[in-house]
Each structure stands twice: as C-alpha cells, then as structure tokens.
Protein chains: 2
Amino acid sequence: MPNFETEKKQYFVGIEGGGTKFNCIIANHPDDVFETTRIPTTDPDETLDHIITFIKNFQNEFQIKAIGLGTFGPLDINKKSPNYGKISKTTKPGWSNFDILGKLKDKLPFPIALDTDVNAAALGEHLWGAGQNLESLVYLTIGTGIGGGVIINGKPIHGLLHPEMGHLLIPLSPQSDSPQGICPYHNNCLEGIASGPAIESIWGQSPEDLPEDHPAWILEAEYLAKGLMNIILAISPQKIILGGGVMKKPGLLELIRENILALLNDYVQHSSITNSIDTYILPPALGDFSGRYGAVALASEIYLAQGV
Amino acid sequence: MPNFETEKKQYFVGIEGGGTKFNCIIANHPDDVFETTRIPTTDPDETLDHIITFIKNFQNEFQIKAIGLGTFGPLDINKKSPNYGKISKTTKPGWSNFDILGKLKDKLPFPIALDTDVNAAALGEHLWGAGQNLESLVYLTIGTGIGGGVIINGKPIHGLLHPEMGHLLIPLSPQSDSPQGICPYHNNCLEGIASGPAIESIWGQSPEDLPEDHPAWILEAEYLAKGLMNIILAISPQKIILGGGVMKKPGLLELIRENILALLNDYVQHSSITNSIDTYILPPALGDFSGRYGAVALASEIYLAQGV
C-alpha cells in the first residue's frame, strides 16, 4: 500500500508576533507560499489558540518541517535559561512571563526556532531582501514601538539577552518644548519620543493624520537620525533597513537620510554613507513581509541544524 | 652542518598604536613574553621607524612568526578597499591618510594582521582576560579619546568600517551648564563631553588633579553610564570592560555601575545586570596590556589562517 502521507508537500511555518497582530505564513520561500493569515493580538492564550487552529486546519494538506517564531519582547532567547521562550516583563497586559514557546510546543510537536520579531525581520531581509550578501545589517522598525534586529556574520545577535534599540537615549531637540517622552521606564529614550504613540502625544494627532509638511516630521526625522547615528557608531552595520508603520509617511526616509549626513558631519568616511546614503538606509525589500519570511528562515535553520 | 637558524625560538610581535604612545611586545602568550617596549607617538614615519628598529634589533635572537597591529583610527580595515591599512581622516597632525600597514609591510616581510586598538584590546580580554568563554563583549577605553571594540561570536566586528563609540550622542545632564562638548565634529558626543580633555575643559583641571570627591566625577559617571546604556541596548554584550587612563580614578567605576542601574531602571531583565553588575561592568583583567596581548592574538590568528 503506498504511503500517501509522505507524498504531501512539506512546508515551514513562520509566525511573526507583533503588538497589534500576529502574522502566520506557511511557506518555504518568498516564491513558494501556501497560505498566510493575520490574527489580532489579544490575550496571549486566545491569540496563540487562533494560530494553532489555523495551522492545524491545514494539517491534512501539507507536512510541517519546522516552525519559526519571531515575536515582540523582551523575550528570553537564551537556550540555557530556565525562562527560555518566555516573554519578560512588558507593559502589554497579560503577556509578562507568558511562556509563548512552551504553549506552541505543547500543541505543535515540531522543531520550533525562536528569536525576536526584529531579528527575524533582519534575517528575512538578509536572506531574501535588501541585505543579501552582506555580513552585517540592522533592521529597525518604527511603529507602536521601536525595536531593532542585528545580523553579524550572517546571524542574528543575542548576547546577554537581545538588543533593545527602542530605548536608546537620545538628546532632545533644542527646538523641542516637549517633556522627556512617554516611556514609563526612561527619559529621552527613542521609543518615548519617536514611536507612533510618542508622535501623537507631542502633536495631539495620530501620525497617519499629520500631513507630510507638518513640523512633526522635521522633529521625527531628527530623533530617528540621532538613534540611527548611535546605531551606526556602536555597530557599524553595512546597511540599515527601516520598517514599521511610521516609516510609511512619504518623505520621512529622505528627511532621515539628510539628518544623518548632517549629524555624522563627514566623520564616518565610507563611500556607502558619504556617496550613497540612499542605498545605505533604505526600506525593506520584502515590504511588510520581512518578519514573516524571517520566521520561515528561522524554521529552515532549525530544520537543517537538526538534520531532520 | 646543523641549521641553527631553525632552532631559534619563535615569537609573535604585537603592536598597539595609541594617540600618545605605541606599545610593542614580543610574545606568544601573557605567560611567554620575550621583550616589551613603549615608544612615544610623534610623527608617523618617526614613530614607525622606532618600532621597526626595536624589532630588528632582536632579529638574531628569535624568529618572527607574524605581526599583529591594533591601532587608533579611524582606520580602513576592509581588506577589499584600496585604502586598506591606512589611517583615515583624523585630527592627529600628520596621521591622516598615513599607510601604517604599508609602512610596516615594506620593512618587515612577515604576515601582518590589522585591527583597531580597541578591537585588539577586546580580543585580548576575550582570550586571556575578563571575557574568557564569552560569545560577546565590549571593551571601552576612556582616556585622551574614547573608543570601543566589540567581540561577537568570538571575533572582532568590523561591518562597514568599525565601531566609533566615542562619538555616540548622549543627552547632556540637566544639571550641566557646560556647552555641547569639545568634539570638532559633533555636539553632545561622548568623547566631546567625557574624555580626559573634555573633563579638563569643563572643570579647568586635568582629571588626574581632580580629587575623588569632586563633582566632576558625578557628571563623568552620568555621561559614561549614558554611553554604556546605549551600548547595552544596541549590542547586548555579555560583559563590558572599561579601560583607559580616566578609569583609573578610584571610585569612578562604582559610580558608573550605580548610574547604569538607575538609568536602565530594571528594563533589561537579566541577572547579570540586576544581580551582578560588579562582574558585568569591570576593569580589564590584563590591566594596561589588553591591547598589546590582543595584538599578539591578531598575529596568532593570521599565522594560523595562513597555515605557515
């Protein structure tokens, strides 16, 4: 009797966990996608149950090779830690200490790779997007929050925990009469003065409603450029990719590039910056899919590593 | 006739190029040192001639396996660049565009490995000092200038050029009535407000002459902690090692640790920071020799890589 089971097509599952929605994709590659969905981020059990149901609904149609999860944090991604796979302390109601990896493992008995949402997005862009063939890049997202992922020698960095670029300290603008930002933890941190909610708190309007010629964007470009300058000086990435909802405002990217050149003031002497800033700081080539494809890449890496 | 030539002991040469002095060591390991010397940094040709003479004087007594050079920058360390091995634009008179690697190669026909002084120091501490068995660490020196080296997965990072942590932007202290720093390139950069010369410009006295209970050290600890916070948030290193002349002031390291805990405000939830900051931010275990031994390590790596 033929084994039809083994003839089903095999796929990876990529899950990108964000503060407002979870994206889930069944794919092997950006050119080989079986299905994708979007689930609102509510309480952790409900959100994960929806994802697990989505995946199981298709289980008769394909075989899962492995799962990659790139999620918002702070997140314990140290495999030797007793809290590996848990969300750490977060302002997001109900999510502090949630064992997101454990919940998935319990219901989906496949290899599961874990990283931050932004490390996954950086990996996606590194493999299939704007950062191909580079040793190093930074992916920064500017939306409800601000976060950054880092690739060095082709791999996401973790170190002690993982980068938390949203909380970089930034000098306030001399023109600003705003307070020191909305972050409950830090004065003058990037997320507190330049995330979507920070823009709204300064100007009293949501970023989508602020016209392109509003002075809000002058200040926003200054703050993001100061954050990016610190990233350039600390890490020296070969490219920086800027994603997230706030970056969709037309003209903002160009303003940021101008501000960075002015701030660096010719100090970092490299043609990638001095002559071609337009290809040094750029939008994600994978659009809104960097994180999802990056999660597929995480799945693919654990699958290869396990030799299954 | 026996070949006495091959019976001479073999050594690496490590050269650490600093703004005020060049240190040169003939060694295989911190426990196997043949000779060491210190040469004042004057004009580039004179400085290098002294080093070359020092090495050649011993040539009858040992064989050179390879040379490692860790030097101040900015420095082009991209092997594919036409300017590989040259100092870039610097405020140091005579050194801009000096081909430091070319000059050494011309006179010393051995494999020569090149990196920044601070990457070399980070590597030295990683192999033989306070950062053994770690995947990642940062070495920051605070002296005449401020600079940082980074080890990720056991190797110094370069990226586009190399990190330039001295120029990280830092919010000025609300208590400060000082101007925006002495850096000719940037307002509010770490080197401009917290290097030795910056301390002297703010307080009118050299750092060595300022007593331990002078308010200068409160401000200095605040600024260095702000810079270190940005380094922690951007790179997430497993340890940070603080070297350089300014760090020799008794009590400063302890003040910095206190400031970092207050600034992070419990946001980075890792026991290395929350419970054991004293072993997370610490002085170099190799003392003033981190850079020199690191240069020996660079030599050893190129020697092994070349299979000689």
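Just a few scattered comments:
- Among the residues of the stretch A:5-46, just one is of a type in the set (S, T, N, Q) and buried (at least 21 other Cβ atoms within 10 Å of the Cβ), namely A:Asn23.
- Test result for B:Ile52, surrounded by 20 or more Cβ atoms within 10 Å (Cβ to Cβ) and either in a loop (DSSP other than H, G, I, E, B) or not assigned by TED's automatic domain parsing to the domain that holds B:His186 (or both): no
- Taking the stretch A:43-89 as the range and being within 15 Å of A:Cys24 (Cβ to Cβ), among the hydroxyl-bearing types (Ser, Thr, Tyr) and out of contact with any strand residue (DSSP E or B) (no Cβ under 7 Å at 6 or more places or on another chain) as the test, only A:Thr53 passes.
- Subset of the stretch A:286-300 [open to solvent by 70 Å² or more (accessible area, probe 1.4 Å) and within 16 Å of A:Ile151 (Cα to Cα)]: none
- The listed residues are B:Arg292, B:Arg257, and the only one of them that is touching a residue at least 12 places away in the same chain (Cβ under 8 Å), closer than 30 Å to A:Cys189 by Cβ, away from every other protein chain (no Cβ under 14 Å) and not aliphatic (A, V, I, L, M) turns out to be B:Arg257.
- Count of residues meeting criterion [touching a His at 6+ places or on another chain (Cβ under 6 Å) and within 18 Å of B:Ile87 (Cβ to Cβ)] in the stretch B:117-161: 2
Table: residues versus (1) under 17 Å from A:Asn230 (Cα atoms); (2) touching a Phe, Trp or Tyr at 6+ places or on another chain (Cβ under 8 Å); (3) in the same structural domain as B:Lys92 (by TED's automatic domain parsing).
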position: B:Gly148; (1), (2), (3): yes, yes, no
position: B:Pro156; (1), (2), (3): no, no, no
position: B:His167; (1), (2), (3): yes, yes, no
position: B:Cys183; (1), (2), (3): yes, no, no
position: B:His186; (1), (2), (3): yes, yes, no
position: B:Glu191; (1), (2), (3): yes, no, no
position: B:Ser195; (1), (2), (3): no, no, no
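- Qualifying residue in the stretch A:246-260 (condition: under 25 Å from A:Pro30 (Cβ atoms), buried (at least 20 other Cβ atoms within 10 Å of the Cβ) and out of contact with any Phe, Trp or Tyr (no Cβ under 6 Å at 6 or more places or on another chain)): yes
- Pair list, Cβ under 7 Å, 6 or more apart: the stretch A:78-89 residue assigned by TED's automatic domain parsing to the domain that holds A:Leu104 and at positive phi, other residue open to solvent by less than 50 Å² (accessible area, probe 1.4 Å) and assigned to a loop (DSSP other than H, G, I, E, B): A:Gly85/A:Asp76
- Within the stretch B:267-276, the presence of at least one residue that is more than 16 Å from B:Ala121 (Cβ to Cβ), open to solvent by less than 50 Å² (accessible area, probe 1.4 Å) and of a type in the set (Phe, Trp, Tyr) is confirmed.
- Considering the stretch A:58-82, and only residues there that are within 14 Å of chain B (Cβ to nearest Cβ) and either surrounded by 14 or more Cβ atoms within 10 Å (Cβ to Cβ) or of a type in the set (Phe, Trp, Tyr) (or both), the residue that is nearest to A:Ser300 (Cα to Cα) turns out to be A:Ile77.
- As a summary of the residue check, B:Tyr303 satisfies the conditions (1) farther than 23 Å from B:Leu127 by Cβ; (2) part of a helix (DSSP H, G or I) except for the one numbered (1).
The values are calculated or read from the model by the stated rules, or taken from the named source; none is laboratory data. Remember, predicted model here, so these are calculated numbers, not experimental data. Reconstructed Cβ throughout: ideal geometry from the backbone, glycine too, with neighbour counts over all protein chains shown. Side chains are part of the model used for accessible areas, which takes the heavy atoms of the whole protein and leaves out ligands, DNA and RNA. Shrake-Rupley method; radii C 1.70, N 1.55, O 1.52, S 1.80 Å.
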